[in-house]
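To start, the structure under review is shown below, and the notes come after it.
The values are calculated or read from the model by the stated rules, or taken from the named source; none is laboratory data. From a predicted model like this one, the values you see are computed outputs, not experimental measurements. All Cβ positions, even for glycine, are placed from backbone atoms using ideal geometry, and neighbour counts span all protein chains on display. Ligands, DNA and RNA are stripped out before the accessible areas are found, and what is left, the full protein with its side chains, is counted by its heavy atoms. Shrake-Rupley method; radii C 1.70, N 1.55, O 1.52, S 1.80 Å.
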Amino acid sequence: MVHHRPVPARLPVPAGLGRLLVLTTVFVCAACGLVYELELVALASYLIGDSVTQASVVLSVMVFAMGLGSLLAKRLRRRAALGFATVEALLALTGGLSAMALYACFAWYGQARPALVGFSLVTGVLIGAEVPLLMTLIQRIRRQDAGGAVADLFAADYVGALVGGLAFPFLLLPVLGQLTGALVTGAVNAVAGGALVLWLFRGDLSPRARWTLVVANALVLLALAVCSALSGPFERAARHAVYGTDVRVAVHSPVQEVVLTGGAGGRPLSLFLDGRLRVGGDEARYHEALVHPAMAGPHRHVLVLGGGDGLAVREVLRYADVATVTVVELDAEVLRLARTDPGLVALNHGAYQDPRVHVVTADAFDWLRGDPGDRPGPAAPGAGPAAYDVVLCDLPEPGVTPSAKLYAQEFYGLALRALAPGGRIAVNAGDLDARPHVFWTVETTVRSVGLHTAPYRVRASPDRPDGRRGWGFVLASRDPVRLRLPGVRPPLQALTSHQLSEDRHAAELGREEGLLPSTLMHPRYPG
């Protein structure tokens, strides 16, 4: 068996400095590599949903591909410098353009998963090829035992990964955004890899190879620069492809992307959160079904968890005897738009201008865990401070992984503590027709904390653009629940007592028995 022995390199600097430069390049490339991984996970979670599944797909495919890349790199060790420069140029181009390509596939073809797997595979192969080539280069600078060389290389690699992992959520994402952040990372990657080889190991390259690498890296940087300059028009075009041409507001909050379309010139307003239609032209069907059955009984003090758009609050405020409404919403940007956007304010009837409304910007789970004495709202006799007659869970549906804890047994136990005697909880439990297992898991989880439940559903408008067929709800109380509308109520657009009775009967026909409740340690909602 013939073993490859690295030939000592002719360096323009002392060996110690050359070795430091190689390890610095390892550090930079590792940081860039982890940013590519996180970028794919974040964008796939946003576009496809269920962050656990997307993270599992990206990481498992990339780890497999890294092993494959390490094997393929063995063939390049005799020309390690040229091989490394080529790998870095390809990695910079692939990783830099991955976010834009993934978004384009989603926007114009409606399917991002094949692109996700493809980019994870290619990026993983190229990242895996780095380490064997860098090992060869560092051994050419100064021969040392393999264990010591591996330790130095991996130390620089892991520290770089730490920096890249922290830079992505705290610097790149909030400052540059997903598209530009990936492009800038690719440019840094290309410069680091190209500079190391073209200067430190230029003695290993023929004149033709040097000029080829210079031109290749220049073209990569040019492509990334052009894409960065066009990222604004590209994002607008992709957004129009997803949401239509009537996009009026599009902002990235720290929580999600918020898009408003219509709401002017007589066009119906639509609110999208992370690409999912949250409010459409048939929003009255949803909000009336969520709110009014829960208002049949005492309802002086109401708690709305989520619902920052103000539309559930609008329905609550139609009852003149409501004394306080507390809204707990995570996204301050949604609250700002609900207060200031003319279209959304018109739709929610200026709900946040009502003095009875108290707003808390917080995570609903964390807020319920807090000291009850710190909550706004008066005390209910015998129930501790700030107990509510009605709790409305107007939250993202449980199939979205970040919201899974808001549909866990622990969450409903906390909500129960905030409920006054005789009070009711209404829960948005997802699409009963499309995902019955999820719906009945929610119902089982609500019952698991000792509440009686009444499941029901309402149909969506047949022309709804996202194809949703309806919504499922669970009304719950400590006492047996009678699903009905209040005897004295404001006029309703879409909900009647007869329809409500039919909706409960229709829901019960498909009941799934024997399900287990979802908990924080064992979430049972598939993506």
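The table below gives the values:
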| item | result |
| --- | --- |
| Residue among P455, P523, P490 that is touching a strand residue (DSSP E or B) at 6+ places or on another chain (Cβ under 6 Å) and touching a residue at least 24 places away in the same chain (Cβ under 8 Å) | P455 |
| Of the criteria (1) open to solvent by 60 Å² or more (accessible area, probe 1.4 Å); (2) hydrophobic (A, V, I, L, M, F, W, C); (3) part of a loop (DSSP other than H, G, I, E, B), which one V13 fails | (1) |
| Test: A476 is crowded, with 24+ Cβ neighbours inside 10 Å and within 19 Å of P298 (Cα to Cα) | yes |
| Those residues of the range 233-263 which are open to solvent by 40 Å² or more (accessible area, probe 1.4 Å), in a loop (DSSP other than H, G, I, E, B) and either hydroxyl-bearing (S, T, Y) or in contact (Cβ under 8 Å) with a residue 24 or more places away in the chain (or both), in sequence order | T245, P254, V255 |
| Every residue from the range 344-364 that is under 23 Å from D282 (Cα atoms), in contact with a helix residue (DSSP H, G or I) (Cβ under 9 Å, 6 or more places away or on another chain) and not polar (S, T, N, Q) | L344, V345, L347, H349, G350, A351, Y352 |
| Residue within the range 183-196 that is in a helix (DSSP H, G or I), among the polar types (S, T, N, Q) and touching a helix residue (DSSP H, G or I) at 6+ places or on another chain (Cβ under 9 Å) present | yes |
| Failed criterion for A151 (all others in (1) touching a residue at least 60 places away in the same chain (Cβ under 8 Å); (2) surrounded by fewer than 17 Cβ atoms within 10 Å (Cβ to Cβ) hold) | (1) |
| Residue list for the range 63-74, filter: open to solvent by 30 Å² or more (accessible area, probe 1.4 Å) and among the small types (G, A, S) | G67, S70 |
| Residues being among the aromatic types (F, W, Y) and closer than 19 Å to R276 by Cα - total across the range 25-77 | 1 |
| Filter pass, P491 being of a type outside the set (A, V, I, L, M, F, W, C) and assigned to a strand (DSSP E or B) | no |
| Residue, surrounded by the fewest Cβ atoms within 10 Å (Cβ to Cβ), within the range 442-472, restricted to residues that are outside any strand (DSSP E or B) and touching an Asp or Glu at 6+ places or on another chain (Cβ under 8 Å) | R469 |
| Residue match in the range 449-457 (condition: out of contact with any His (no Cβ under 9 Å at 6 or more places or on another chain) and under 21 Å from G370 (Cα atoms)) | yes |
| Residue that is nearest to M100 (Cα to Cα) [pool: residues in the range 157-172 that are open to solvent by 60 Å² or more (accessible area, probe 1.4 Å) and of a type in the set (A, V, I, L, M)] | L171 |
| Yes/no for S60 being within 38 Å of the chain's Cα centre (by Cα), within 23 Å of G148 (Cβ to Cβ), modelled with pLDDT of 90 or more and surrounded by fewer than 21 Cβ atoms within 10 Å (Cβ to Cβ) | no |
| Among the candidates R77, R113, residue that is touching a Ser or Thr at 6+ places or on another chain (Cβ under 9 Å), surrounded by fewer than 24 Cβ atoms within 10 Å (Cβ to Cβ) and basic (K, R) | R77 |
| Criterion violated by A362 - all others in (1) open to solvent by 10 Å² or more (accessible area, probe 1.4 Å); (2) farther than 25 Å from H252 by Cα; (3) of a type outside the set (F, W, Y); (4) under 27 Å from the mean Cα position of the chain (by Cα) satisfied | (2) |
| Restricting the range 24-36 to residues that are in contact with a helix residue (DSSP H, G or I) (Cβ under 6 Å, 6 or more places away or on another chain) and open to solvent by 30 Å² or more (accessible area, probe 1.4 Å), the residue that is nearest to G164 (Cα to Cα) | L34 |
| Search result, residues across the range 48-57 that are assigned to a helix (DSSP H, G or I) and open to solvent by less than 20 Å² (accessible area, probe 1.4 Å) | Q54 |
